[in-house]
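Note sheet for the following structure.
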Amino acid sequence: MATFLYKLGRLAFRRRWWMALIWVLLFIGAGVAASSAPKAPADVFSMPGTESQKAFDLLEEKFPETSADGATARVVLRAPDGEKITDAGNKAKVEKIVDRLAKGGQVSKVDDPFKVGAVSKDSTTVYATVSYKVPGPEVTDKVKDKLTDTLKDARKDGLTVEAGGDAVPTEQELGGSAELIGIGISAVVLLITFGSLIAAGMPILTALIGVGIGISGITALASTLELSSTTSTLATMIGLAVGIDYALFIVSRYRAEREDGRTPEDAAGRAVGTAGSAVVFAGLTVIVALSGLAVVNIPLLTKMGLAAAGTVVIAVLIALTLIPALLGIAPRRTLRRKDRKKPVGVPFSDPNAKPKLGTRWARFVLRRPLIVLLVAIAGLGAVAAPAANLQLGLPDEGTFAPDTTQRKAYDMLSDSFGKGFNGPLTIVVDKDKGAGAAAKDVGKELKKVDGIVSVSPASPNKADDLAILSATPNTGPSDHDTETLVKKIRSDIGTIESKTGAEVLITGQTASIIDFSQTLDDALIPYLALVVGLAFLLLMLVFRSILVPLKAALGFLLSVLAALGAVVAVFQEGHLANVFGVDQPGPIMSMMPIFMIGVVFGLAMDYEVFLVTRMREAYVHGARPGEAIVTGFTHGGRVVAAAAVIMISVFSGFILEDDDIIKTMGFGLAAAVLFDAFVVRMAIVPAVLALLGKSAWYLPGWLNKILPNVDVEGEKLYKQLGDNGGAPYSDPERELQPTR
């Protein structure tokens, strides 16, 4: 591996202009393809194998007039204080609004509240349900604007009018500032790290090229592969972060090789051969983690994971080819100004210089490994404690900001019709003949169930082989009692089916959320086993050890638990909610844990590979275990810290977005990187390695024969080049190092 990449790096350095031209043409070509591609399809959310999805498919097949996948808008109208909505004047205003809603475009029907009984018991509030012919993402802006204008005009008549539903315009849209903030902070960090404007700009430039090609590719293939516009969100977030980091490590290694007196071409080859090998395996762990989302069996998540994995592949290829080409274009200007005039071939690192912060920290940990280990674990444990109270769900209009029309409509319906009114259960009755009669019997049985406050009349289709009815629980859609109720009805459904001879299924938004959460819960263990298992094998190839990969995996679990604890504390329990702009604390999005596990595992292994590979390299070349740890931090500590700060800044930028899902994801990922990089990798890893000594690098002989030697540390490469990779590994303070 190292030898091949060394040759590739030198080739890219020599053919720099051709290599740069190839990537520029790819960038332009991808952009042209994206601009001429058909529009991306709307989000199609499905959960194969779940009861709610089966019921939804039956409605699509046998009862299409219900517009099961069509958008809806529920307009809630309340009379002025002291008046009733059923008064002649107010009733006339409501009917006028209903008529206008029916002319809104893309509308299939509007239910007149006075004809369908959508009037509250105190006669102060009604609601009109507007059904559309198309799904929510396909409702045009013109139609949404007309709906908004109708609501404004209705308020002028003295009524309180609010609306909810997926056809109602929302202000929770991506503002696009997240990427700019992350890039800006990254530029500052890189400038401080490298002390060179060219060296600082190189990782940002290549990351933008990689993300640009990746997102353009997703856009170009959107129509063919049915990739929705949201598919690119995760790809942008991950591609930007890893693109900067991978370039950062290769540029940093190039500068280190130049300090040891290498010629520019040789330094570029060695940088790609050593740090590039780490990039390849770090990238593979991220790709495995993202591709593994396919085991969840939710097509939307699978497509998002694969799209992001594709962007990571591009980032790895750019780091291995475009970076050495750019180093060839500006071989000296990537160095600090004071080092540019020094002669090529003569080492200019100062052996008498003050030890770097990373070096001093490593020596400190080596002197007190047990104390550092215990303090780090205790700290992460304290932060992780709130994760025990984790409540999962999907955001609904009850979690919107209090000043939004969706939240106001939600609260009005809860006050006037009951908490469960915002989360009705749709009951689908499937029977070859007499589905309507069977549905009536099902309704009678449901009325006897504790927790159900009302059941609507059955509505059969024309063929009478499918019927639907609605059951309203007495608790809200996100309440745990509602989930318990749905599971109880499903467990007892056999009795109802035996009496009616029909198949009875529960669907609707509330049931779908419950099924979604259950699907993710069921997939979590297989997903962890797949991702951690494959990554463990990859790391065993890299480090030729069993304990080092095991330590890496356990450290990752600690950082994820701590990040989940922080997410629960802020977004669920409301601590520091004002600081992070959380309008309404509530259950954590169901997909958050599995997304965090996938993304963070890949990123955590990045730091593990980059930092520990340097230690392994030193150990292979003759350093004692303690010296190897110090060497790893001397050469990699500052760069890993800079990479982590960049990742944190990129993810933190998304906290400023209005979209609650993106905000939560950005916060969770930023917290996970913070804990993993600065606590697990910078404290726990050296402490554990110090305590293990030589046994950390032990691999049984029989296993050593089976595993292929990928030579990530470049041992074979350096033998071919006739050196040990630079100056002998030694530490002037050897007496501080463990002798193991």
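The values are calculated or read from the model by the stated rules, or taken from the named source; none is laboratory data. Keep in mind that this is a model prediction, so the values were computed, not measured. Glycine gets a Cβ as well: all are built from the backbone with ideal geometry, and neighbour counts include every protein chain shown.
Quick notes
- Qualifying residues in the stretch 228-255 (those that are part of a helix (DSSP H, G or I) and of a type in the set (S, T, N, Q)) - the one farthest from Glu138 (Cα to Cα): Ser252
Quick grid of which residues meet (1) more than 21 Å from the chain's Cα centre (by Cα); (2) touching a residue at least 24 places away in the same chain (Cβ under 8 Å):
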| position | (1), (2) |
| --- | --- |
| Leu180 | no, yes |
| Val189 | yes, yes |
| Ser196 | yes, yes |
| Ala199 | yes, yes |
| Pro203 | yes, yes |
| Ile218 | no, yes |
| Thr224 | yes, no |
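- Selection count where residues are surrounded by fewer than 24 Cβ atoms within 10 Å (Cβ to Cβ), part of a helix (DSSP H, G or I) and of a type outside the set (A, V, I, L, M, F, W, C), scope the stretch 256-274: 5
- Residues satisfying the criterion are absent from the stretch 536-558 (criterion: closer than 19 Å to Gly398 by Cα and charged (D, E, K, R)).
- Residue in the stretch 16-24 that is over 28 Å from the mean Cα position of the chain (by Cα), in a loop (DSSP other than H, G, I, E, B) and modelled with pLDDT of 90 or more present: no
- In the stretch 110-155, the residues that are touching a residue at least 12 places away in the same chain (Cβ under 8 Å) and at positive phi: Ser123
- Only one of the listed residues (Leu576, Leu554, Leu520, Leu537) is in a helix (DSSP H, G or I), surrounded by fewer than 20 Cβ atoms within 10 Å (Cβ to Cβ) and at pLDDT below 85. That residue is Leu537.
- In this structure, Lys431 does satisfy being modelled with pLDDT of 85 or more and basic (Lys, Arg).
- Residue list for the stretch 377-434, restricted to those being among the aliphatic types (A, V, I, L, M) and either in contact with a strand residue (DSSP E or B) (Cβ under 8 Å, 6 or more places away or on another chain) or not in a helix (DSSP H, G or I) (or both): Leu390, Leu392, Leu394, Ala401, Ala409, Met412, Leu413, Leu425, Ile427, Val428, Val429
- Any hit, the stretch 277-287, residues being farther than 21 Å from Gly602 by Cβ and of a type outside the set (Phe, Trp, Tyr): no
- Against the conditions (1) farther than 19 Å from Lys551 by Cβ; (2) among the acidic types (Asp, Glu); (3) assigned to a helix (DSSP H, G or I), Glu608 satisfies every one except (1).
- Output for the stretch 98-136, where each listed residue is more than 17 Å from Glu83 (Cα to Cα) and in a loop (DSSP other than H, G, I, E, B): Lys103, Gly104, Gly105, Gln106, Asp111, Asp112, Gly117, Ala118, Lys133, Val134, Pro135
- Pairing each residue of the stretch 693-706 that is over 23 Å from Ile629 (Cβ atoms) and without any contact (Cβ under 8 Å) to a residue 12 or more places away in the chain with any residue that is loosely packed, with under 11 Cβ neighbours inside 10 Å and of a type in the set (D, E, K, R), provided the two are 6+ apart or on different chains, yields no C-beta distance under 6 Å.
- Screening Met592, Met605 for residues that are closer than 26 Å to Gly239 by Cβ and within 16 Å of the chain's Cα centre (by Cα) leaves exactly one candidate, Met592.
- Of the residues making up the stretch 678-712, those that are part of a helix (DSSP H, G or I) and either closer than 17 Å to Val548 by Cβ or among the basic types (Lys, Arg) (or both) number 21.
- Residue satisfying condition, being of a type outside the set (S, T, N, Q) and either surrounded by fewer than 24 Cβ atoms within 10 Å (Cβ to Cβ) or touching a Phe, Trp or Tyr at 6+ places or on another chain (Cβ under 9 Å) (or both), within set Leu326, Leu320: Leu320
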